[in-house]
Amino acid sequence: MKVVKHALPSVDGKGLMMGRPAYTDDLADPNSLIVKVLRSPHAYAKIVKIDTSKAEALEGVEIVLTYKDFDRRPHTRAGQGFPEPSPYDKFVLDQWVRYIGDETACVAAVDEKTAEAALKLIEIEWDILEPILDFETALDNEILIHPEPEIFENFPIGFDPKRNLAAAYSMEVGNVEDSLKECDVVLEAQFYTQAQAHAAMEPHTVNARMDYQNRLVLYTSTQAPFHIRRIVSQSLDFPMSRIRVIKPRVGGGFGGKQHIHGELLVSTVTIKTGKPAKMVYTRKEVFESSFQRHPMRLDIKLGAMKDGTLKAINCHILSDTGAYGEHALTVFMVAGAKVLPLYNKVDSVKFYGDVVYTNHTSAGAYRGYGAIQGNFAIESAIDMLCEKLGADPIEFREKNMMLKDETSPIFAIMGEGTEGTAMNMESCELGYCVSRGQELLKWKEKYPRVELADSKVRGVGMAIAMQGSGIPYIDMASATVKLNDDGFYNLLVGATDIGQGSDTVLAQIAAEALETTLDKIIVYSSDSDLTPFDTGAYASSTTYVSGNAVFKAAMDMKRAIVKEGALALGVKFEDIEYDGVVLKAGDKEITLKALSNRLYYSEDQKQLMITNSYFGTKSPPPFMAGFAEVEIDTETGEIKIVEYVSVVDCGTPINLSLAKGQVEGGIVQGIGMAVYEEVLYTKKGKSINNNFLNYHIPTRKEINKLTTEFAESYEESGPFGAKSVGEIGIDTPPAAIANAVYNAVGVRIQTLPITPEKILAGILANKAKK
Amino acid sequence: MKVNVKVNGQNKVFNIEPGDYLLDTLRKENYLSVKKGCDNSSCGVCTVLFDGKPIKSCSLLTAKIEGHEVITVEGIQKEADKLSDYFGAEGADQCGYCTPGMALSVYALKEENSNPSDEEIKEYLTGNLCRCTGYQSQHIAIRNYLEDK
Ligand code: FES
Ligand code: FES
């Protein structure tokens, strides 16, 4: 392959580093009204009276919006396929506020200072309500977070607001209770995972204007522009045909931008005033008033025989969706669907639990959603079980894990919010990933621990993981290839580049299929007026689903070129040989350049422009093995990640350096989740660490050595053999690091993050026992 | 109030309010390479050079720059162009939001210390956060650029 499977620079990196205006706020109308939101100071309260007259009277204030300005039209802010598997439990503005930071009212003014001043002039009389801040007490609590009658589910997702339940689910293969009885060894363990913040460098931002056709044009930093268009239309009752959504360059998403943020309020301001308007979240708002990863409690039971066969898995999860139920069910299901099939040889497996409302910031989509929580619990529990069995954790995994050509009944049972799809693993190099990772980390020399001088101990630990590639029978992507005079192409895709490099990867797929070079493919993405539909950048779908659409459209284009070449040369279609540059038939030939100039200017004139789409019928999982080496200071509990080895099977990596970037970026966010990051609240539900000084994401000083390799693998159903690679990297660090810490100092951390305080407490407790 | 300043080699007069921060002034004046990521000097995407030294423009009052010199990426296009080749080769740019600020920090580092150690590079750039790349590819790209490989 000439273009695919090479490390090519991204199509946009240079221009962005050189500072060319490209992001949402760079493209705002300079005369935009500044939109600011009054955020709730209470975790749960009802507005008894709201007086905006003073704010409205302030010079420079254009409009003030409260719940009274909106019809009660429930919707979900989750950017998902329609009808969404998330409850319709949110109103643009509501008389109730359900977390500290919730939207209470909104002001648009000529500048920021005026808008801020106006917010202070809004007078509210509150009925302050008792909140629920501990998710373990939410179910069937007498306090109801969503008592309002208008809210509903689109189809059964276990939604029961009278019980504070956003969603619930349960499934069982075989009979877990019976299987456990037959097992020689049973392990029971409880795990907790924390809320993590996405912390994309670009804050949420959107701007709107009415164009010369009196249509609403939104520039927005989003992962799902087509869903944004639909939700704006739905929730504001504004015709979809009068909305254009443009997604410019996006400064990182990680799932955080798979939601509605300011779009509804900014659109309302522009529709009502006719004036351009913009909103840029402050970092505090990004932390407090956007979304975060679902905190979970996971109760795991594993049963195995003495010979090291895993027989049964029982997994109960309680998940905290916060104030609103965006992605409540789907994140929950992924915690099972993208983890449990790893151990496909069990007799029985049960997965069930509840997703409850609390008065915290909403949880939502976040890279690796569900999978990272499930992986931490299961992959920690496997090591704990191995210890009980006296088994080697790697040999145990090799014996029980998914292999090529195998399947799991879970694929057919569990999808994302719906039933799943049966599939065999046509590509699965997990065995190679596990053995290569050991070599790279020198596992055999280091396992389980190496004692250094000065109270330092190093330990190694590992975990395996899988993801998916899009949501089968739901996700659809499409692509248009247009031939230009002079013989270069435009590639128009709905697919959403949020920094992961999908424009580059999709252009590479087109270039390979058209046998041309990357510079001949001019890619333009995510403009609801100009590009064809795509569900968006989420669920690890772009390379596989959108990539397949691009491949199909490009292959169609190649055939169309050959057809026109045959016409031009006066030969039969079959007689043409075409290498992407010259069309030949015997001694006759014409270059693509000459042919396209002929098509546009001289004979048989026509535009060659072809659209094709792809609708996935399966979701081939990428796999990986992650190996961590940690160094613990036994006197302070201080932890350092010495090295992290990743060996990944993502099928063909379309762009070697960008694929590596996806893995390493995921690993470091996973390391963040494992050891540094946690959204903390006061007892009253107020966020404590709502800025980068207090919420610690990894800096370059904490990252020592990342070793990343790809397995040779080819997925028949993917474009040029590719599967997805966007999320898999984030899944393993919590479990691999927890296992490494245990191997180093004998302290088993079951509540993330793995802080020095927890490690030290464990070390001291162990000492006391001795 | 009026502030006289040299931006990217050109003398400018900015009309500002006393409480304005340099980041907002620069963006208003169309230096759109300067990004906003926070408001308390903790992310680095707003980095500019102030008399040659990298500073966080979100936390410097514009009023304080009277008579000083400010450089944004618009003023070091050649170096940014070159550095971006090294980033491209390593896949060290993903969303790119952190990269203009990074380019200025790297440029300043090179002026100060043409042969920094790995630790010195990391130390100098700690304030330039990146949530996308995991840092290692950036580190390799920066080292290669400094060694002009
Ligand atoms: S915007 Fe200045 S440091 Fe974050
Ligand atoms: S490339 Fe996205 S923040 Fe650095």
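Taken residue by residue and averaged, Cβ atoms of other chains lying within 10 Å of the Cβ of B:44-53 number 1. Against the longest principal axis of chain B, how steep is helix B:77-90, in degrees 0 to 90 to the nearest 10, with axes from Cα atoms? Tilt of helix B:77-90: around 30 degrees.
Close amide-amide hydrogen proximity is noted between A:THR591 and A:LEU583, each under 5 Å apart and 5 or more residues distant or on a separate chain (H modeled in the peptide plane; Pro and chain starts excluded). Look at where the Cα atoms of the range A:309-335 and of the range A:105-121 average out, and the two centres are 41 Å apart. Rounded to the nearest 20 debye, the dipole magnitude of the range B:2-72 is 140 debye, with +1 charges on Lys and Arg beta carbons, -1 on Asp and Glu beta carbons, and the Cα centre as origin. Where both bridge residues fall in the range A:600-755, DSSP classifies roughly 70% of the beta bridges as antiparallel.
Other residues whose C-beta falls under 10 angstrom from the C-beta of A:LEU139 contribute a net charge of -3, scoring Lys and Arg +1 and Asp and Glu -1. Legend: distances between Cα atoms for A:LYS2/A:LYS593; A:LYS2/A:LYS584; A:LYS275/A:LYS686; A:LYS162/A:LYS684; pairs beyond 32 Å are A:LYS275/A:LYS686.
Checked against a 18 Å cut-off, the cross-linked pairs A:LYS442/A:LYS705; A:LYS306/A:LYS446; A:LYS640/A:LYS701; A:LYS552/A:LYS723 give Cα-Cα distances beyond that limit for A:LYS306/A:LYS446. Out of all DSSP beta bridges in chain A, what portion is antiparallel? Express it as a percent rounded to 5. Antiparallel: roughly 75 percent of the beta bridges in chain A. Backbone phi angles across the range A:206-220, fed through the Karplus curve with coefficients 6.51, -1.76 and 1.60 (θ = phi - 60°), yield HN-Hα couplings of 8, 9, 9, 8, 9, 8, 5, 9, 6, 10, 7, 10, 10, 9, 8 Hz in residue order; Gly and Pro are listed as x. Placing a label point 7 Å from the Cα of A:GLU638 along the Cα-to-Cβ direction, the residues of the range A:443-461 whose backbone N falls under 18 Å of that point are A:451-459. Annotation for the range A:469-532 versus the range B:112-138: alpha-carbon center distance of 33 Å. Structural size metrics of the range A:655-706, computed from C-alpha coordinates, are Rg and Dmax of 14.2, 48 Å. Peptides B:2-8, A:278-284 ranked from most to least packed by the mean count of surrounding Cβ atoms within 10 Å: A:278-284, B:2-8. Here A:HIS696 sits with roughly 70 square angstrom of accessible surface, probe radius 1.4 Å. Here the range A:8-86 and the range A:410-449 have alpha carbon centers that stand 41 Å from each other. The residues packed around A:THR504, meaning those with a beta-carbon under 13 Å from its beta-carbon, carry a net charge of -4 if Lys and Arg are +1 and Asp and Glu are -1. A DSSP coil position with no more than 10 other Cβ atoms inside 10 Å describes the following GluC sites (Glu not before Pro) in the range A:548-631: A:GLU603.
Net charge in the neighbourhood of A:ALA412 (other residues with Cβ under 12 Å of its Cβ; Lys, Arg +1, Asp, Glu -1) is 0. Comparing A:THR358, A:GLN373, A:GLN292 along the charge dipole axis of the range A:245-389, the residue lying farthest to the positive side is A:GLN292, per the Cβ-charge model. Rounded to the nearest 20, the size of the Cβ-charge dipole of the protein assembly as shown about its Cα centre is 840 debye, with Lys and Arg at +1 and Asp and Glu at -1. Solvent-free Debye calculation, one equal scatterer per alpha-carbon of the range B:2-72: log10 I(q)/I(0) at 0.23, 0.25 Å⁻¹ equals -0.98, -1.18. Heavy atoms of the protein chains alone define the surface here; on that basis the range A:476-615 has 37 Å² accessible area per residue at 1.4 Å probe size. Using the Cα centre of chain A as origin and beta-carbon charges of +1 (Lys, Arg) and -1 (Asp, Glu), tell me which of A:PHE254, A:ALA108, A:MET333 is placed farthest towards the positive end of the dipole. Among A:PHE254, A:ALA108, A:MET333, the one farthest towards the positive end of the dipole of chain A is A:ALA108.
Adding -39500 (n - 2.57) for every DSSP H run of four residues or longer, then dividing by how many residues chain B holds, sets the calculated 222 nm ellipticity at -11000 deg cm²/dmol.
Rg ratio for chain A: its Cα radius of gyration over 2.2 N^0.38 Å, N being its residue count, equals 0.98. The 3J(HN,Hα) values that the Karplus relation (6.51, -1.76, 1.60; θ = phi - 60°) gives for the range A:192-201 are, in residue order, 10, 10, 9, 6, 10, 9, 5, 6, 4, 5 Hz. Gly and Pro appear as x. Straight-distance candidates among the lysines for linking to B:LYS82, with alpha-carbon spacing under 18 Å and chain neighbours fewer than 8 residues away dropped: A:LYS14, B:LYS110, B:LYS149. Taking the Cα atoms of the range A:724-770, the ratio Rg/Rh between the radius of gyration and the Kirkwood radius comes to 1.13. Expressed as a whole percentage, what fraction of the accessible surface of the protein assembly as shown belongs to carbon and sulfur atoms when a 1.4 Å probe is rolled over the protein heavy atoms? That fraction is 50 percent.
A simple charge model with +1 on the Cβ of Lys and Arg, -1 on the Cβ of Asp and Glu and nothing else charged puts the dipole of the range B:75-147 at about 220 debye relative to its Cα centre.
In this structure, the amide hydrogen of A:VAL523, modeled 1.01 Å from its nitrogen in the peptide plane, lies closer than 5 angstrom to those of A:LEU491, counting only residues at least 5 positions away or on a different chain. With helices as the sole contributors, chain A gives -8000 deg cm²/dmol at 222 nm; each DSSP H run of n ≥ 4 counts as -39500 (n - 2.57), and the sum is divided by every residue.
When the charge dipole of the protein assembly as shown is built from unit charges on Cβ atoms (+1 for Lys and Arg, -1 for Asp and Glu) and taken about the Cα centre, the candidate among A:VAL4, A:ALA312, A:ASN490 whose Cα reaches farthest toward its positive end is A:ASN490. Exceedance of the 29 Å cut-off in Cα-Cα distance is limited, within the set A:LYS284/A:LYS456; A:LYS5/B:LYS35; A:LYS46/B:LYS36; A:LYS338/A:LYS388, to A:LYS284/A:LYS456; A:LYS5/B:LYS35; A:LYS46/B:LYS36.
The values are calculated or read from the model by the stated rules, or taken from the named source; none is laboratory data. In this text, all values refer to a predicted model and were calculated from it rather than measured experimentally. All Cβ positions, glycine included, derive from the backbone under ideal geometry; neighbour counts span all protein chains shown. Note: areas computed on protein heavy atoms with side chains; ligands, DNA, RNA excluded. Shrake-Rupley method; radii C 1.70, N 1.55, O 1.52, S 1.80 Å.
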